[in-house]
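I have placed the structure first, in the form of structure tokens, so that the comments after it can refer back to it.
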Amino acid sequence: MRVLRMAALVAGLGLALAAHAADRDTWKLPVAVKKLDNGMTVVVSEDHSSPTVGISMVYHVGMRLEPQNRTGFAHLFEHLMFEGTPDAPKGTFERVIQGGGGVFNGSTRADYTNYIASAPSSALAPILWLEADRMKSLDFSAKNLANQQNVVKEEIRVNVKNQPYGLFFWTDLNALAFDKWANKHDGYGSFKDLDHASIADVKTFHDTFYQPANAVLGIAGDVTPDEAFKLAQQYFGDIPARDLPKRPDVSEPLNTKPRHAEETDALAKVPALAVGWKMPPRGSADQVPMMVLSQLLVGDDASRFYQGLVKGRQLLLNIQGGMNFPLGDGSDYAGPALLGLFAIYKPNATPDQVLAALDEEIAKVATEGVDDATLASVKTKMLSDWYGGLESFINRADTMAKLQTLWGDAHVANKMPGWIEAVRAEDIKRVARTYLTDANRSVVVRRPVAAAKAPAK
């Protein structure tokens, strides 16, 4: 009884805090935006709490727009961006940033490629010079291309070919769920396609996509907007503007028939399955309710799927997933995306049992909705994660740059909490009924080789 009283007290406290939060002024991220004459957009968030800055350069190109028959090319190109330029040979980027106490990284996603760095504010100008320099040109050499082709192929060996399950819950699930090549192909890359990438391919890709009008620069931290805009103009302003290529139509409707595939895995010890449902388009009225539903169903160990299938029915050993899983979240996609799941199930369970249990949890939400206390708790967790993600300058700069790139509005950083708060139980029921249907579901079952060969019982 004491546990129940404590749970009721915590739930009541959560509702009270949520009501109090709605009544008071909410924290606003400082956001200033300016577009240079050559088309590059600069987004700045001023914060002098630390003498450091975060920088993010986001290019609006990723795996979805890489050349056909060049799977993995956008990922390969991300690596080539660290191979030096005629004016800053290989190693200069690392020495400037790391030598000054900073850090850097880059990543490729379906709809963008981002390059991030964090350093003392005194290093802002040199870092912007480096970013502008590699936007202008790269060291397009056969040696650099071959080197990075081998690096990417080694990543594929380590992360895909020599790993149990081998990211099938991303690559194979996308291949099954989507119809257009842009959405369904393996963005990590194939050895054959990577080997056929040429210097001409690299130059064309750089000229087409790595240009001011296709880029957003995010800067957060110990700098004023005027200072940041002046530096951006100084280093990027003389890079010529170029017309953007026409973007292909990558949109797809929801699926109307369930899709299913069976695979074997020589490295896996226990069976697994991947499940995906096509999601609402970016910016639609259903996107944020689906983000809330995703958190409710599979966001953490308190989620319905974890509690219902791992703890309750004990069908699963583990489950993870979410919107745009595993390469993003519910806010950073521009084209078709999935709510994806990766579940490792017990050998004495069957895929049909797992799918039936998932359907049961979804049906509860679709018919009964969610109670006020649970919905408040889910929203509180999401708001905590959202604000927490904006705390470090490097993440703040990256979030603003990605939102400006994908949504056309960096101010979404301040709008998102209100959108989350506005989601009602009826919205949750609506999106569950609309998107999490059998007709819109794709399933890939992957069994260990030994289990696949065993006679059915």
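The values are calculated or read from the model by the stated rules, or taken from the named source; none is laboratory data. What you see is a predicted model, and the numbers here were worked out from it, not measured in a lab. So basically every Cβ, Gly included, is an ideal-geometry build from the backbone, and we count neighbours across all protein chains shown. Areas reflect the complete protein model, heavy atoms only, side chains present, ligands, DNA and RNA absent. Shrake-Rupley method; radii C 1.70, N 1.55, O 1.52, S 1.80 Å.
Please find the FRET efficiency linking V151 to D329, where r is the Cβ-Cβ separation and R0 is fixed at 22 Å, and quote it to the nearest 0.05. Don't skip to the end; give the middle numbers.
Values: r = 27 Å, r/R0 = 1.22.
Given R0 = 22 Å and the Cβ-Cβ separation, E is 0.25.
Along Cα→Cβ, 7 Å out, is where each label goes; now give me the distance between the ones at K161 and R259 in nm to one decimal.
2.6
Could you let me know the centre-to-centre spacing of segment 66-97 and segment 161-192, using Cα atoms, in angstrom?
23
How far is helix 393-407 tilted off the main Cα axis of the chain, in degrees rounded to 10, range 0 to 90?
Long axis of 393-407 versus the principal axis of the chain: about 80 degrees.
For a protection proxy built on the mean count of beta-carbon atoms within 10 angstrom, sort 79-88, 259-268 highest first, please. Please report the intermediate quantities before stating the final value.
Values: 79-88: 18.1, 259-268: 15.0.
With the highest mean Cβ count within 10 Å placed first, the list reads 79-88, 259-268.
Ignoring everything except DSSP H segments at least 4 long, calculate the 222 nm mean residue ellipticity for the chain; use -39,500 (n - 2.57) per segment, divide by total residues, nearest 500. Each step should come with its number before you reach the end.
Working: 17 runs with 195 residues, N = 457.
Calculated at 222 nm, the ellipticity per residue is -13000 deg cm²/dmol.
So what is Rg over Rh here for segment 312-442, counting just Cα atoms and using Kirkwood for Rh? Could the numbers behind the result be given before it?
Numbers: Rg = 16.9 Å, Rh = 16.9 Å.
My calculation of the ratio gives 1.00.
Report the one residue of Y387, Y235, V443 whose Cα lies farthest in the direction of the positive end of the charge dipole of the chain (charges on C-beta: Lys and Arg +1, Asp and Glu -1; origin at the Cα centre).
V443
Between K180 and R247, what is the spin-label point distance in nm, taking each point 7 Å from the Cα along the Cα→C-beta axis?
Each label point lies 7 Å from its Cα, and together they span 1.0 nm.
Percent antiparallel among DSSP beta bridges with both residues in the chain, to the nearest 5? If you can, show how the numbers build up before the last one.
Working: 46 of 59 bridges.
So the antiparallel bridges amount to about 80 percent of the total.
Which trypsin sites (Lys or Arg not before Pro) does segment 28-91 hold that lie in a coil by DSSP with at most 15 other beta carbons within 10 Å? Don't skip to the answer; put the middle values down first.
Numbers: sites: K28, K34, K35, R64, R70, K90; in loops: K28, R70, K90.
Passing sites in segment 28-91 are K28, K90.
Determine, from the Cβ-Cβ distance of K90 and T204 and an R0 of 30 Å, the FRET efficiency 1/(1 + (r/R0)^6), rounded to the nearest 0.05. Can you show the working numbers first?
Numbers: r = 22 Å, r/R0 = 0.73.
FRET efficiency, K90 to T204: 0.85.
Between R259 and residues 5 or more places away or on another chain, which pairs have amide H atoms under 5 Å apart, with H built 1.01 Å from N, and which residues are they?
R441, S442, V443
Express the carbon and sulfur contribution to the solvent-accessible surface of the chain as a percent, rounded to the nearest whole number, probe 1.4 angstrom.
54
At a temperature of 25 °C and a viscosity of 0.890 mPa s, determine how fast segment 96-146 diffuses translationally according to Stokes-Einstein, using the Kirkwood radius over alpha-carbon pairs as Rh; express D in µm²/s, rounded to the nearest whole number.
Values: Rh = 12.6 Å.
Here the translational diffusion coefficient equals 195 µm²/s.
Where nothing but the Cβ of Lys and Arg (+1) and of Asp and Glu (-1) is charged, how large is the charge dipole of the chain around its Cα centre, in debye to the nearest 20?
On the way: 49 positive and 53 negative charges, 263 e Å.
That gives the chain a dipole magnitude of about 1260 debye.
Counting alpha carbon pairs within less than 8 Å and at least 6 residues apart, what relative contact order, in whole percent, applies to the chain? Mind dumping the intermediate values first?
On the way: 834 pairs, mean separation 107.4, N = 457.
That works out to 23 percent.
For T71, which sequence-distant residues (separation of 5 or more, or a different chain) have an amide H within less than 5 Å of its own amide H, given hydrogens modelled in the peptide plane?
When sequence neighbours closer than 5 places are left aside, the close amide H contacts are S190.
Using the Cα centre as the reference, give the magnitude of the dipole from point charges on the C-beta atoms of segment 25-137 (Lys, Arg: +1; Asp, Glu: -1; all else neutral), rounded to the nearest 20 debye. Could you put the intermediate results ahead of the total?
Details: 10 positive and 12 negative charges, 40 e Å.
In total the dipole reaches around 200 debye.
Between the alpha-carbon centers of segment 236-292 and segment 376-447, tell me the distance in whole angstrom.
Here the answer is 15 Å between Cα centres.
Using only Cα atoms, tell me the angle between helix 372-389 and the longest principal axis of the chain; keep it within 0 to 90° and round to the nearest 10.
With both axes taken from Cα atoms, the answer is about 20 degrees.
Does anyone have the angle between helix 199-209 and the longest principal axis of the chain? Alpha-carbon axes, 0 to 90°, nearest 10?
Value to nearest ten degrees: 80.
Tell me the per residue accessible area of the chain using a 1.4 Å probe; a whole number in Å² is fine. Before the final figure, lay out the partial values.
Working: 20360 Å² over 457 residues.
Value for the chain: 45 Å² per residue.
Using +1 on the beta carbon of Lys and Arg, -1 on that of Asp and Glu, and nothing else charged, what's the dipole of segment 296-446 about the Cα centre, debye to 20? Intermediate results must be reported in sequence, preceding the final value.
Numbers: 16 positive and 19 negative charges, 47 e Å.
Value, rounded to 20: 220 debye.
Per the Kirkwood formula on distinct C-alpha pairs, the Rh of segment 256-302 is how many angstrom?
On the way: mean 1/r = 0.0722 Å⁻¹.
Hydrodynamic radius (Kirkwood, Cα pairs) of segment 256-302 is 13.8 Å.
Where in segment 26-57 does the amide nitrogen come within less than 17 Å of the point 7 Å from the Cα of V103, taken along Cα to Cβ?
Once the point is set 7 Å along Cα→Cβ of V103, 50-57 turn out to lie under 17 Å by backbone N, inside segment 26-57.
Hey, which aspartates and glutamates would be in cross-link range of K246, C-alpha to C-alpha under 16 Å, not counting anything within fewer than 8 residues on its own chain?
Partners within reach: E66, D111, D207.
Simple spin-label model, 7 Å along Cα-to-Cβ: D238 to Q68 in nm?
Those two pseudo-labels are separated by 4.1 nm.
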